[in-house]
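Presented below is the structure to which this report refers.
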Amino acid sequence: MAKTFRTGLAAGALVLAYLGLAQCRSPQDAAIVTGSTTVESVREGGRLVVLTLKGPTTFRDIGDGGFGYEVDMVEAFAEQLGVTPRYVVMKDIDALLTAIEKGQGHIGAAGLTITDARGERVQFGPAYRNVSESVVCHQGGPAPTTLDALSEVNLTVLAGSSYVETLTRLKKDHPQLKWTERKAGSAMPMLIDVAESKLDCTIADSHVAEYARRLHPGLVMPMSLSQDQPLGWIYNSKLGGMDETLSTWFSAAHASGFLETLDERWFGHLDDFDYVEVLRFVERVEDRLPEYRTYFETAAQETAFDWHLLAAQAYQESHWDPDAVSPTGVRGIMMLTLPTAKELGVKDRTDPAQSVEGGARYLQRLYDRLPDGIEGEDRTWFALAAYNIGMGHIYDARRLAERRGLDKNSWDDLEKVLPLLSKKQFYSTLRHGYARGYEPVRYVRKVRDYYNMLRANVPV
């Protein structure tokens, strides 16, 4: 991903904004009193105090700012308000709810399930995503598929969570149910313990559980504990106008497709889970990546790209094997062709430092050559596709998209037409002819998949 872009929403449309977060991370910061009485006073103050929890999809500190599904939504909401988010990371769910009750934050964005019990304490904004509660266990261990079987395992769940509410309700009809509660910012510590066989099972929201499987492929989800339940932000009920502001913004975010796009970016790749592939990737993050990480970090400093993205691309190209070679003669960790290597001044394609530096410069050239109308993340995905299939075929696909009434500057729309380049009735009308257009679609999806896993597994 280009380092200076993130997804945002302004005036009901998708925009991209520079990440510049003022953050607070110490426990003492939770004592901040906002001082605002209306949304307008928040705007005038220029700062939105956001209470959150540390977790894989809520908030991760990556050194240059926050990272997470909730962070991306907050960034877009704050941009619409014209303010800068200031994050306060709370120690657990109850601490977050209590702080909102006391007016110590403007909103709470932490992937909280909307429940009746919580609704008695705090006000929720509109629902933005539905999730179910999944029982998560590890391969080779107990895998309960009924409540009776669940009562026989070592089950530890997140204290203060909706899971506790669900288990408490179920216990009325199934008194044998038992569990231990642990305070934390998310279910992730328990998920890790399950993956390491320290616990039999835990419970997590379905999207968090699927996300965790990408880091710990030995996790399994034998049963769901609930039907779909909505997630929502909480807010300071004494802040005049915040309810209307959240309602208006989320309505626009749904209508514009922003939330759908964000869901696809964060969770769309999770549906295609290949246990063997993910396990191999996780192993190579541990045993291969450390040897080459410095090369990616150095190359990133000279380009617009995050080093995680360059590493993800290299994994898709060669699985981080500097001696990799294809039947067509491309070789090295970035799989450069001989003509491209000569053009870039790469003398030895099997030298990982030269290959990474050359591949990153080549990706940057492609990125810079793209028309100005392609912006933000779309520009990164276009550049990656061009790296895979060639810029000429990307131009052809844009022409084809335009003919079919699609947005030639949108990667989502280009994905729809690229496979058509392999069909004679389409490629025969285009300048650069036949191409296996399904390959760049798969290529970009894989790079994005590895990129998301790297950002979660190797955050700094």
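The values are calculated or read from the model by the stated rules, or taken from the named source; none is laboratory data. Treat the numbers as computed from the prediction; the structure is a model and nothing was measured. Using ideal geometry, Cβ is built from the backbone for each residue, glycine included, and neighbour counts are taken over all protein chains shown. What goes into the accessible areas is simple: the full protein's heavy atoms, side chains included, and nothing from ligands, DNA or RNA. Shrake-Rupley method; radii C 1.70, N 1.55, O 1.52, S 1.80 Å.
Listed values, structure above:
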item	result
Amide H contacts under 5 Å for residue 223, placed H, 5+ residues apart	135
Where N is the number of residues in region 340-416, Cα Rg divided by 2.2 N^0.38 Å	1.24
Mean residue ellipticity (222 nm) of the chain, computed from DSSP H runs ≥ 4 via -39,500 (n - 2.57), nearest 500	-13500 deg cm²/dmol
Nitroxide proxy distance, nm - points 7 Å out along Cα→Cβ at residue 297 and residue 173	5.4
Note, ³J(HN,Hα) from phi for region 139-149, Karplus 6.51, -1.76, 1.60, rounded to Hz, x at Gly and Pro	4, x, x, x, 9, x, 10, 9, 5, 4, 5
Distant-in-sequence amide H partners of residue 112 (H built 1.01 Å from N, under 5 Å)	232
Computed lengthening from residue 442 to residue 287, 0.36 nm per intervening residue step minus Cα-Cα distance	53.2 nm
Euclidean distance between Cα centres, region 102-153 to region 273-319, Å	33
Region 151-254: trypsin sites (Lys or Arg not before Pro) in DSSP loop, at most 16 other beta carbons within 10 Å	172, 178, 183, 198, 238
Under 5 Å, built H, 5+ apart or other chain: amide partners of residue 38	240
Full-extension gain in nm, residue 347 to residue 94, via 0.36 nm per residue minus C-alpha separation	85.2 nm
Simple label model, 7 Å out from Cα along Cβ direction - residue 148 to residue 238, nm	5.3
Rg in Å to one decimal, and Dmax rounded to a whole Å, for region 305-440 via C-alpha atoms	15.3, 45
Solvent-accessible heavy-atom area per residue, rounded to whole Å², over the chain at 1.4 Å	42
Given 198/446; 91/178; 416/446, the pairs whose alpha carbons are separated by over 22 Å	198/446; 91/178
Given 15 as the ceiling on other Cβ atoms within 10 Å, longest exposed-site-free region of the chain for chymotrypsin sites (Phe, Trp or Tyr not before Pro) in DSSP loops	19-272
R0 of 51 Å, Cβ-Cβ distance residue 139-residue 37: FRET efficiency to nearest 0.05	0.45
Rounded percent of accessible protein surface that carbon and sulfur make up, the chain, 1.4 Å probe	46
Region 213-353: equivalent-ellipsoid semi-axes (sqrt of 5 x gyration tensor eigenvalues, Cα, Å)	42, 22, 14
Net charge, residue 379 excluded, C-beta distance under 11 Å - Lys, Arg +1, Asp, Glu -1	-4
Residue 375 accessible area, assembled protein chains, probe 1.4 Å, Å²	120
Region 414-446 versus region 183-214: alpha-carbon centroid distance in Å	40
Pairwise FRET efficiency - residue 247 versus residue 423, Cβ, R0 = 41 Å, nearest 0.05	0.35
In region 380-409, trypsin sites (Lys or Arg not before Pro) in a DSSP loop with at most 13 other beta-carbon atoms within 10 Å	404
Most positive-pole-ward Cα, 313, 267, 422, against dipole of the chain from beta carbon charges	422
Hull volume in cubic angstrom per residue (convex hull over the Cα atoms of region 364-460)	92
Rounded to 5, percent antiparallel among DSSP beta bridges of the chain	60
